[in-house]
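Trainee: A single structure is presented below for examination.
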């Protein structure tokens, strides 16, 4: 009897987790082109993906979540999108500015104490 209850609970929790994820698509990569209607992303595997942008698309910059500015070419992005037939449409674009990342990597290191 206890096994049946545990199994039933496990099924309920795993099915609700799968349902909560929804049917969205994620696109990760680097921005290669962007305008007011679409964004082009090169994935880590080298594939180019085009995602449509709408007035409802939200942009969120890392470290500045209140920003509404879109990313720039060279920025790293994680795009949450919906798929309709063969078209991806962005709902949220999370990004990290390439300029800040490059500047942090190029910053001189302090000499080690001896």
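Just so it is clear, none of the values below were taken in a lab; they were calculated from the coordinates. What you see is a predicted model, and the numbers here were worked out from it, not measured in a lab. Heads up, the Cβs are rebuilt from the backbone with ideal geometry, glycines too, and the neighbour counts pull from every protein chain shown.
Trainee: Quick one: in the range 52-62, of everything that is touching a residue at least 24 places away in the same chain (Cβ under 8 Å) and in a loop (DSSP other than H, G, I, E, B), which residue is nearest to residue 32 (Cα to Cα)?
Mentor: 53
Trainee: Keeping to the range 66-95, report how many residues are loosely packed, with under 14 Cβ neighbours inside 10 Å, touching a residue at least 12 places away in the same chain (Cβ under 8 Å) and part of a loop (DSSP other than H, G, I, E, B).
Mentor: Result for the range 66-95: 3.
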